Amino acid sequence: MGFAKNFLWGGATAANQYEGGYNEGGRGLSTMDAITGGGYKKPRLMTYKNADGTIGSSPIDSSLTGTLPENTTGYILPDTYYPSHNATDFYHHYKEDIALFAEMGFRCFRMSVSWSRICPKGMYEVNEEGLKFYEDVFDELNKYGIEPVVTINHFDMPMYLADHYNGWGSREVIDFFLFYAKTIFERYKGKVRYWMTFNEINVLSGWPQTGIHENDPQHLYQAHHHIFVASAKTVILGHEIDPSNMIGMMVSYTPGYPMTCKPEDVYEAICFNRQKEFYMDVQVRGYYPNYKLKEFEREGIQIEMEEGDLDLLKKGTVDYIGFSYYMSTVCSTDPNVERTEGNQFLACKNPYLETSDWGWTVDPEGLRIVLCQMYERYHLPLFVVENGLGAADTIEADGSIQDDYRIGYLRNHIAAMKKAVEIDGVDLLGYTPWGCIDIVSAGTGEMKKRYGFIFVERYDDGTGDYSRRKKKSFDWYRHVIETNGEEL
Ligand code: BGP
């Protein structure tokens with residue numbers, strides 16, 4: 001009963017929000033480096049240079065959606081705070097951080113590799129110092145018996161490719177990506193076995209995530225087609241290089257419940273959930289589903305494909321589904337239903353559930369529902385690679401951080417996950433709560449919205465010495481892992 005003995009307990013991060021060292025060790029710039037700080041409901045900006053040399057900026061929202069004008073290149077303004085530049089400085093603190101993860105008993109650690117640290121322009125030139133950095137990190141993890149779980153691309157795009165190729169808008173970028181993937185598969189063979197190709201593939205939108213300057217469905221779906229082909233080729237290649245590699249996809253899963261039992265609301269929920277299922281259908285089943293092809297037909301969207309693409313999608317299906325789960329939402333045909341914030345979109349408010357301070361609906365039982373639905377639909381091992389509560393923490397006079405709210409959130413979600421395993425028979429590989437150490441928020445660029453078991457002295461005004469301290473949840477999670485999820 002309970003979780004498997006080798007259940008992968010751990011934590012999750014991403015380079016653009018955690019690593020820092022943006023101009024060190026030969027790293028090239030990435031699109032995320034040109035996005036300023038912000039705050040909850042405060043504007044963040046993408047900064048750029050026009051062809052005539054003048055400087056401009058355009059707003060970006062919490063789904064990282066915004067449009068960069070054509071013929072512009074990403075540009076970093078002097079004396080401006082860009083949270084990704086130092087983030088919470090894993091680059092210089094990795095040994096200390098990994099020792100803390102080991103103290104909590106982590107069996108795995110999810111992180112991403114920064115493409116522009118390996119290939120500074122995203123192309124065929126390799127930065128040995130970058131390769132060595134991650135090698136040292138993986139060796140350090142393996143020293144403690146912590147299995148690295150690596151996202152090959154988490155929301156960042158080498159700036160050069162965005163500037164010169166319009167990112168995933170160009171088919172050539174598939175080959176550049178494959179070169180990068182081959183480089184890391186070969187170098188880290190035997191050190192890394194769990195991979196994911198693209199983080200939250202279903203929410204990849206404008207410039208920072210895809211490098212494209214446009215944001216309409218035609219351009220986005222074309223870019224997504226290139227990403228699908230790149231992912232399929234990566235899976236095939238990764239298996240060739242090391243057949244023991246487990247290569248997964250990663251989807252952001254916010255389930256939509258029908259607001260009422262009115263059939264129209266039920267159908268509305270089906271359509272909403274297809275926005276995620278589409279990506280799983282392609283990457284797990286290996287083909288474009290009919291409902292999407294019909295949508296393309298209706299909307300006049302034409303995807304340019306090369307001969308052999310559909311065959312590649314069939315051959316390059318993934319070994320497991322990694323997903324993020326933070327919240328659920330409700331679907332209704334009634335435009336007057338109250339809205340609330342959400343993970344990368346504005347959601348309808350569920351009258352039965354509470355929301356976090358950032359407006360995200362808290363729904364532990366939803367995690368069980370998602371696990372059941374996904375497993376029954378795809379029959380593939382699942383991996384909860386993100387889950388957690390973004391909250392503002394306070395340091396008490398005695399230096400402690402009493403984050404009982406975080407413990408409560410995680411406890412309820414783990415309990416729901418346990419039911420899915422024990423009662424529903426879901427095949428679950430592991431659980432990596434998001435931002436196991438404080439990192440920059442993806443949606444708001446803030447430090448104030450924290451997820452970690454470990455507090456990092458870094459603040460939104462750019463101050464802080466990056467020192468680390470354990471929160472109350474640190475010991476709680478250590479005990480959860482120690483008892484393999486039996487004592488929550
Ligand atoms: C997911 C992303 C992560 C992460 C998380 C929390 O969408 O994969 O990168 O940041 O959401 O979101 P936020 O940081 O906006 O609270």
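Just a few scattered comments:
- Taking amide H positions as modeled 1.01 Å from N, with prolines and chain starts lacking one, the residues under 5 Å from Ile439 and 5 or more places away or on another chain are Tyr451, Gly452.
- Modelled this way, with points 7 Å down the Cα-to-C-beta line, the labels at Ile270 and Gln218 are 3.0 nm from one another.
- Extension gain from Tyr352 to Asp79, taking 0.36 nm per residue of separation minus the Cα-Cα distance: 93.7 nm
- Residues of type lysines that Lys349 reaches as a straight line, Cα spacing below 29 Å, ignoring anything fewer than 8 places off in the same chain: Lys41, Lys42, Lys262, Lys276, Lys292, Lys418, Lys419, Lys448, Lys449
- When the convex hull of its Cα atoms is projected in every direction, mean area for the stretch 309-371 (nm²): 6.6 nm²
- Solvent-free Debye scattering, log10 I(q)/I(0), computed from the Cα coordinates of the stretch 153-303 at q = 0.09, 0.11, 0.15, 0.21 Å⁻¹: -0.33, -0.48, -0.84, -1.37
- Sorting 181-193, 356-368 by average packing, meaning the other beta carbons within 10 Å per residue, from highest down gives 356-368, 181-193.
- Taking GluC sites (Glu not before Pro) across the stretch 244-335, the ones in a DSSP loop with at most 14 further Cβ atoms lying within 10 angstrom of their Cβ are Glu304, Glu306, Glu307.
- For the Cα trace of the stretch 1-94, dividing Rg by the Kirkwood Rh returns an Rg/Rh value of 1.13.
- Once the Cα-Cα distance is subtracted from the 0.36 nm per residue extended length, the Arg285 to Glu172 segment shows a gain of 38.1 nm.
- Among the GluC sites (Glu not before Pro) in the stretch 401-488, those placed in a DSSP loop whose Cβ has at most 11 other Cβ atoms within 10 Å are Glu487.
- Its alpha carbons considered, the stretch 244-402 gives a radius of gyration followed by a Dmax of 18.7, 65 Å.
- Projected over every direction and averaged, the convex hull enclosing the alpha-carbon atoms of the stretch 330-435 yields 8.6 nm².
- Working from the Cα coordinates of the chain, the gyration tensor eigenvalues give, after taking √(5λ), semi-axes of 29, 28, 24 Å in decreasing order.
- With 5 Å bins from 0: P(r) over the stretch 336-396, alpha-carbon pairs, percent: 4, 14, 20, 20, 17, 14, 7, 2, 1, 0
- Lysines whose Cα lies under 16 Å from that of Lys191, excluding same-chain neighbours fewer than 8 positions away: Lys132, Lys143, Lys182
- Charge tally in the Cβ shell below 15 Å around Ala99, where Lys, Arg are +1 and Asp, Glu are -1, Ala99 excluded: 0
- Average projected area [Cα convex hull, the stretch 27-150], square nanometres: 9.7 nm²
Since every read-out is calculated from the coordinates, none of them should be taken as a lab result. Computed from a predicted model, the values in this text were never measured in an experiment. Using ideal geometry, Cβ is built from the backbone for each residue, glycine included, and neighbour counts are taken over all protein chains shown.
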